[in-house]
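The values are calculated or read from the model by the stated rules, or taken from the named source; none is laboratory data. Since the structure is predicted, the reported quantities are computational estimates derived from the model, not experimental observations. All Cβ positions, glycine included, derive from the backbone under ideal geometry; neighbour counts span all protein chains shown.
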Amino acid sequence: MSADWAREACTAWNADAKLGKNLFDSGWAANTKSRGYKLLRVARRDCPSTGPKAEMRIEPKDGRAICAQGVIAGSAPLDTDADYFMTADTARWLEMGRGEYGPMKAMMLGRLSFDGPMGEAMGNMGPFEGFLQLVGNVPGDTGSCPK
């Protein structure tokens, strides 16, 4: 997942009014550990672990959870009391993007790896399904790993 992909994912997030509104209304966006934002990192499991990981910076603003920035993740560790890191094989991201299955099935079958506040995520399965569809639908080069 490249820097271009991260920017496109951020734009797609903000274009989805339902996703941002639901995550704000549920209180999900407010769990920022007093930083004013939370981070979502995503990566392709079938690409080298040393390769880039996309990162979206999500902030509560004007009654929505908005994506303020989409970039390649730095090396700073995530705070998994607020932040999320998700990995899946490229083919699995594409399947989730098509809506073939949601986050619960993906995690139960080992198709999606997840680090972050599990209880918070469990309370937001509907919006997370929308996020997984977004990740699988943002165009990108799936034929090779980003460098």
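For residues that are among the polar types (S, T, N, Q) and closer than 26 Å to residue 111 by Cβ, scanning just segment 29-57, find the one that is surrounded by the most Cβ atoms within 10 Å (Cβ to Cβ). Among those that are among the polar types (S, T, N, Q) and closer than 26 Å to residue 111 by Cβ, it is 31. Per the conditions (1) surrounded by 19 or more Cβ atoms within 10 Å (Cβ to Cβ); (2) not in a loop (DSSP other than H, G, I, E, B), the sole criterion not satisfied by residue 82 is (2). The set of residues in segment 69-89 that are farther than 11 Å from residue 38 by Cα and either among the charged types (D, E, K, R) or touching a residue at least 60 places away in the same chain (Cβ under 8 Å) (or both) comprises 70, 71, 72, 89. I'd like to check something: does segment 100-121 contain any residue that is more than 19 Å from residue 11 (Cα to Cα) and in contact with a Pro (Cβ under 6 Å, 6 or more places away or on another chain)? No, there is no match, as no residue in segment 100-121 is more than 19 Å from residue 11 (Cα to Cα) and in contact with a Pro (Cβ under 6 Å, 6 or more places away or on another chain).
None of 92, 111, 98 is among the basic types (Lys, Arg) and farther than 20 Å from residue 49 by Cβ except 98.
Looking for something closer than 11 Å to residue 40 by Cα, under 11 Å from the mean Cα position of the chain (by Cα) and outside any strand (DSSP E or B) - is there at least one such residue anywhere in segment 66-76? No: zero hits.
Within segment 103-114, being among the hydrophobic types (A, V, I, L, M, F, W, C), in contact with a strand residue (DSSP E or B) (Cβ under 9 Å, 6 or more places away or on another chain) and either farther than 21 Å from residue 5 by Cα or in a loop (DSSP other than H, G, I, E, B) (or both) holds for 106, 107, 112. Going through segment 115-147 one residue at a time, which ones are outside any helix (DSSP H, G or I) and surrounded by fewer than 17 Cβ atoms within 10 Å (Cβ to Cβ)? Hits for segment 115-147 are 115, 123, 139, 141, 142, 143, 144, 145, 147.
Residue 19 meets all of the listed conditions (1) in a helix (DSSP H, G or I); (2) touching a strand residue (DSSP E or B) at 6+ places or on another chain (Cβ under 7 Å) but one, namely (2). Inspect all residues belonging to segment 89-102 and state whether any of them is of a type in the set (S, T, N, Q), touching a strand residue (DSSP E or B) at 6+ places or on another chain (Cβ under 6 Å) and either at pLDDT below 90 or part of a helix (DSSP H, G or I) (or both). Within segment 89-102, one or more residues are of a type in the set (S, T, N, Q), touching a strand residue (DSSP E or B) at 6+ places or on another chain (Cβ under 6 Å) and either at pLDDT below 90 or part of a helix (DSSP H, G or I) (or both).
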